[in-house]
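To keep things clear, I will list the structure first and then write my remarks on it.
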Amino acid sequence: MSALRGKWLALLCLLPFAVFFFAFQVAPLLWVAINSLIVGDSWSLANFSKIFSSKFYLQAIKHSLQIAFWSSLFGIVIAILGSYSLRQVDSKLRDFVMAFSNMTSNFAGVPLAFAFIILLGFNGALTLLLKQAGVIDDFNLYSKTGLIVLYTYFQIPLGVLLLYPAFDALRQDWRESAQLLGAGSWDFWRHIGLPVLTPALLGTFVILLANALGAYATVYYLTTGNFNVMPIRIAGLVAGDISLDPNLASALAMVLVGLMALITVVHQWLLRRSYHDAR
């Protein structure tokens, strides 16, 4: 009886979370999915057909994927190096860097766009210095390349926060044992380090992809909504900047959800494969 009472008590404590999750996660997703199928007074896949037959919307999907992929790749590479380096430094410096990463991971939107305009805009301080030094001839912050640089900036702190705990799984005695057996640094990372870190690396990469695919405020205020990415197009269709079509916006949102679902499925497949190879 006491065990049964404990289970009911646990379910009762879980109930507020379940209600909250349904109200703010499941219900909005169902509402968007239903509205994506509404065309006029009927139900059809015309909204999705319009998206995949339009070069304009296909370009938005392409730009979103390119910016998300490259910024996530650059961000996770730098985060790996930074997280590993933090393990080798003094604890006070490590605590300061982690606190700074925690702060800068939330530095986005209007302040971030304004800061990058001051630093890397056409007449930005850093842009002018690099041009005078002959490092760059031309740099456009408002292009796809500039957005990749901007996105990479706010991906790095998040990547560090997610990857830093993963390095706890690497024990120092493993490296010492590998060295005693004649293994070099490359052999250690290839056969021990990377296989152990693979789940964390893949999970972090997926989170960074989701973070970049859904970013809206920064790119909107930087380009005033003139760069063609999916969040900008969705917001434009809802707000009616060019044309008001919330059902088409819902279809675009479901395409974005579908892309994230596909990335998650690939992530799970790679995880299972890495576990199988490790065995």
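Taken together, the values in this text are just the output of simple stated rules run on the coordinates, not laboratory data. Keep in mind that this is a model prediction, so the values were computed, not measured. With ideal geometry, Cβ positions are generated from the backbone for all residues, glycine too; neighbour counts draw on all protein chains shown.
Could you count how many Lys pairs in the stretch 1-160 have their Cα atoms under 20 Å apart, skipping same-chain pairs fewer than 8 positions apart?
4
Computed from the mean reciprocal separation of all distinct C-alpha pairs, what Kirkwood hydrodynamic radius does the stretch 1-43 have, in Å?
Taking the inverse mean of 1/r over all distinct Cα pairs, the stretch 1-43 comes out at 12.9 Å.
Below 8 Å between Cα atoms, with a sequence gap of 6+, how large is the relative contact order for the chain in percent?
29
In whole Å, how far is the Cα centre of the stretch 25-64 from that of the stretch 116-156?
Cα centroid to Cα centroid, the span is 34 Å.
Could you check how many percent of all C-alpha pairs in the stretch 22-92 are farther apart than 16 Å?
Looking at the stretch 22-92, the distances longer than 16 Å represent 71 percent of pairs.
Per DSSP H run of at least 4 residues, take -39500 (n - 2.57); add these up for the chain, divide by its residues and hand me the 222 nm value, nearest 500 deg cm²/dmol.
-24000 deg cm²/dmol
With viscosity set to 0.890 mPa s and temperature to 25 °C, compute the Stokes-Einstein D of the stretch 172-267, Rh being the Kirkwood radius across alpha carbon pairs; µm²/s, no decimals.
My calculation gives 147 µm²/s for D.
When you have a sec, figure out the Kirkwood radius of the stretch 54-277 from all distinct Cα pair distances and drop it here in Å to one decimal?
The Cα-based Kirkwood calculation yields 19.6 Å.
What is the magnitude of the charge dipole of the chain about its Cα centre, with +1 placed on the Cβ of each Lys and Arg, -1 on the Cβ of each Asp and Glu, and no other charges, expressed in debye to the nearest 20?
In total the dipole reaches around 480 debye.
Please compute the modelled spin-label separation between Tyr221 and Phe20, points set 7 Å along Cα→Cβ, answer in nm with one decimal.
Rounded to a tenth, the inter-label distance reads 2.7 nm.
Just to be sure I understand the model, the point goes 7 Å from the Cα along the line to the Cβ. What's the resulting Leu11 to Glu176 distance in nm?
5.2
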